[in-house]
Amino acid sequence: MIRVRASGTLGSVRRLLQDQRGLTTVEYIIILCLIAVVGFAVWKQFGQTVEYKAKGANNVVNTLPTESTP
(Lines give C-alpha, C1' and ligand atoms only; values in the text may rest on other atoms or scores of the structure.)
Protein backbone atom coordinates (compact mmCIF):
# COMPACT_ATOMS: atom_id res chain seq x y z
CA MET A 1 0.00 0.00 0.00
CA ILE A 2 1.35 3.40 -1.02
CA ARG A 3 0.90 6.16 1.48
CA VAL A 4 0.78 9.74 0.25
CA ARG A 5 2.12 12.32 2.60
CA ALA A 6 -0.06 15.41 3.04
CA SER A 7 2.51 17.98 2.17
CA GLY A 8 3.05 20.39 -0.66
CA THR A 9 0.19 20.86 -3.10
CA LEU A 10 -1.92 18.00 -1.73
CA GLY A 11 -1.65 19.37 1.80
CA SER A 12 -2.62 22.84 0.61
CA VAL A 13 -5.67 21.46 -1.16
CA ARG A 14 -6.74 19.52 1.94
CA ARG A 15 -6.35 22.60 4.13
CA LEU A 16 -8.31 24.66 1.63
CA LEU A 17 -11.14 22.13 1.54
CA GLN A 18 -11.30 21.94 5.32
CA ASP A 19 -11.28 25.72 5.82
CA GLN A 20 -14.85 26.79 6.57
CA ARG A 21 -14.28 30.42 7.53
CA GLY A 22 -15.83 31.87 4.36
CA LEU A 23 -18.80 29.54 4.21
CA THR A 24 -21.16 31.72 6.20
CA THR A 25 -20.52 34.67 3.89
CA VAL A 26 -21.26 32.57 0.82
CA GLU A 27 -24.39 31.17 2.43
CA TYR A 28 -25.63 34.67 3.26
CA ILE A 29 -24.99 35.81 -0.31
CA ILE A 30 -26.94 32.84 -1.70
CA ILE A 31 -29.86 33.52 0.66
CA LEU A 32 -29.79 37.22 -0.24
CA CYS A 33 -29.91 36.37 -3.95
CA LEU A 34 -32.85 34.01 -3.44
CA ILE A 35 -34.73 36.66 -1.47
CA ALA A 36 -34.03 39.20 -4.22
CA VAL A 37 -35.33 36.86 -6.94
CA VAL A 38 -38.51 36.15 -4.97
CA GLY A 39 -38.90 39.86 -4.26
CA PHE A 40 -38.60 40.76 -7.95
CA ALA A 41 -41.18 38.11 -8.89
CA VAL A 42 -43.64 39.37 -6.27
CA TRP A 43 -43.03 42.98 -7.27
CA LYS A 44 -43.66 42.15 -10.94
CA GLN A 45 -46.88 40.29 -10.14
CA PHE A 46 -48.05 43.09 -7.83
CA GLY A 47 -47.24 45.68 -10.50
CA GLN A 48 -49.27 43.80 -13.10
CA THR A 49 -52.22 43.58 -10.71
CA VAL A 50 -52.07 47.32 -10.03
CA GLU A 51 -51.82 48.03 -13.76
CA TYR A 52 -54.89 45.90 -14.53
CA LYS A 53 -56.88 47.56 -11.72
CA ALA A 54 -55.90 51.05 -12.93
CA LYS A 55 -56.88 50.21 -16.52
CA GLY A 56 -60.21 48.82 -15.31
CA ALA A 57 -60.90 51.95 -13.28
CA ASN A 58 -59.96 54.10 -16.27
CA ASN A 59 -62.41 52.19 -18.45
CA VAL A 60 -65.19 52.68 -15.90
CA VAL A 61 -64.49 56.40 -15.66
CA ASN A 62 -64.45 56.72 -19.46
CA THR A 63 -67.93 55.15 -19.72
CA LEU A 64 -69.49 57.69 -17.31
CA PRO A 65 -71.63 60.38 -18.91
CA THR A 66 -69.87 63.71 -19.20
CA GLU A 67 -72.97 65.90 -19.36
CA SER A 68 -75.79 65.98 -16.91
CA THR A 69 -79.27 66.39 -18.31
CA PRO A 70 -81.92 68.00 -16.08
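Overview of values
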read-out: Extreme residue, modelled with the highest pLDDT, among residues of region 1-28 that are part of a helix (DSSP H, G or I) and surrounded by 10 or more Cβ atoms within 10 Å (Cβ to Cβ); value: Tyr28
read-out: Check on Thr63, exposed (fewer than 10 other Cβ atoms within 10 Å of the Cβ), at pLDDT 80 or above and of a type in the set (Val, Ile, Thr); value: yes
read-out: Selected residue (only one of Ala57, Ala41 is surrounded by 10 or more Cβ atoms within 10 Å (Cβ to Cβ), more than 30 Å from the chain's Cα centre (by Cα), at pLDDT 90 or above and part of a helix (DSSP H, G or I)); value: Ala57
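The values are calculated or read from the model by the stated rules, or taken from the named source; none is laboratory data. Values in this document were obtained by computation on a predicted structure and should not be read as measured data. Note that each Cβ is placed from the backbone with ideal geometry, even for glycine, and that neighbours are counted across all protein chains shown.
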